[in-house]
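The values are calculated or read from the model by the stated rules, or taken from the named source; none is laboratory data. None of the values given here were measured: they were computed from a predicted structure. Positions of Cβ are generated from backbone atoms using ideal geometry, with glycine treated the same way; all protein chains shown enter the neighbour counts. In case anyone asks, the SASA skips ligands and DNA or RNA and just uses the protein heavy atoms, side chains included. Shrake-Rupley method; radii C 1.70, N 1.55, O 1.52, S 1.80 Å.
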Amino acid sequence: MNEQRKDILDMLAEGKITAAEAEQLIAALERAQPEAAPSLDARPKGRAKYLRVLVDTVENGEPGRVNVRVPLQLLRAGVRLAALIPPQALGQANAELNKSGVPFDLTQLKPEQLEALVEHLDEMTVEVDQPDAKVRVFCE
Amino acid sequence: MPQLLTVRVKRPDGRPIRIWVPVLPVVLVFSPVVALVVLVAAVACLVYRISVVRALGTGWRVISALPGTRVDIEQGRSAVLVTIR
């Protein structure tokens, strides 16, 4: 809808339509908005309930399949649980990560940032296609 | 809170094993153990200076969020399926 409104304003700026015509078109768009909204986004933000991980593999000629469904609510609860980890434990984990060649500071990872990440997971889809494996991560 | 845990294992010989675990009765049966675990967790929270109420609340939130979880792994003729309802 915003795109259509922008088109109208562009046409007005280019002199293709008059201000009155632009006003009429925008009014028509606003009238049509309640009916058009559901079709614009079939899966409204925040509606996804589960994170799905699907892995199809072929190992030694045998097909393998992993199908995991995790409620997003569980991820949110996990983030809150992670926030309870004492700083001493985080320090030790950081040291071990550094030792393994992963210079990652877990103390810089704030719960609110993780919650924002989980909130936006429903817009994410990851697909990896290999000749012997196919991985799909998405929310539903 | 989870009501039913279902475990299905398919062996390579094709014979399936199905286990249904009603969570609430099992928790009631093991309630002394559960109480002990909660007590130990509370002591650990005090040792590490974490709010006991906040920790127990978060733990309960995690348990409450478990229904709907499903893990299904198949490899060749073997398969394991775990669902929490």
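Odds and ends about this structure:
- Hits in region B:15-53 - residues which are open to solvent by less than 90 Å² (accessible area, probe 1.4 Å), outside any helix (DSSP H, G or I) and within 14 Å of chain A (Cβ to nearest Cβ): B:Ile50, B:Ser51
- Any chance B:Arg77 is under 26 Å from A:Arg52 (Cβ atoms) and of a type in the set (Lys, Arg): yes
- Selection count where residues are outside any helix (DSSP H, G or I) and either touching a Gly at 6+ places or on another chain (Cβ under 6 Å) or in contact (Cβ under 8 Å) with a residue 24 or more places away in the chain (or both), scope region B:54-73: 2
- Selection from region B:55-85 of residues that are hydrophobic (A, V, I, L, M, F, W, C), facing chain A (nearest Cβ under 8 Å) and open to solvent by 60 Å² or more (accessible area, probe 1.4 Å): B:Ile73
- Residue identified as open to solvent by 70 Å² or more (accessible area, probe 1.4 Å), at pLDDT 80 or above and part of a strand (DSSP E or B) among A:Arg80, A:Arg65, A:Arg69: A:Arg65
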